[in-house]
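Just below is one structure, and these are the notes that go with it.
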Amino acid sequence: MKRIIVFGASGRTGRMVVKYGLEAGYHITAFDSGHHHILTPQSGLDLHTGNVYDKEAVIKLIEGHDAVISTLGTSDIHTDAVNLMSDAMKIFTEAMNKYGIKRVLAVGGLAVLQLNESMQMIDKADYPTEYKN
């Protein structure tokens, strides 16, 4: 495996995945929404900004990669944004099937876990303060 595409690449988790991938010698394609693009251009890193719901663009961008990593997330659980990860995964797997890509990984932090329909784990009164940052 040499080429990996990372969705949500400029978020807290995404930045670490990109960093570790580059350090391990992989060619990384970093995709983010452009809301907080803070990755620095460097050798082995292609930067792409767009909307993960742009199905045609995402499918085209996935071509030629050996693996797909999703680090997508949202803190807005009261709108359709909460469906971002699962909606995007449907697009990713469609592209993967089209191009014969067999490896996908979804990564997230504990704070994105849903406790119930109206609350995330991080919002619980007993959620450890040291984990919030």
> For segment 18-66, which whole percent of the accessible surface, found with a 1.4 angstrom probe, sits on carbon and sulfur atoms?
Replying inline: 50
> Residue separation times 0.36 nm, minus the C-alpha to C-alpha distance between M16 and H48: what's the value?
Replying inline: 9.8 nm
> Assuming R0 = 30 Å, what is the FRET efficiency of R3 and I38, from their Cβ-Cβ distance, to the nearest 0.05?
Replying inline: 0.85
> Using the Cα gyration tensor of segment 1-64, with a ≥ b ≥ c the square roots of its eigenvalues, what is the shape: rounded (a/c below 1.5), prolate (a/b larger than b/c) or oblate (neither)?
Replying inline: oblate
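The values are calculated or read from the model by the stated rules, or taken from the named source; none is laboratory data. Quick caveat: nothing in here was measured; it's all calculated off a predicted structure. When we count neighbours, we look across all protein chains shown, and the Cβ atoms used for this are built from the backbone with ideal geometry, even at glycine. With ligands, DNA and RNA removed, areas are computed over all heavy atoms of the protein, side chains included. Shrake-Rupley method; radii C 1.70, N 1.55, O 1.52, S 1.80 Å.
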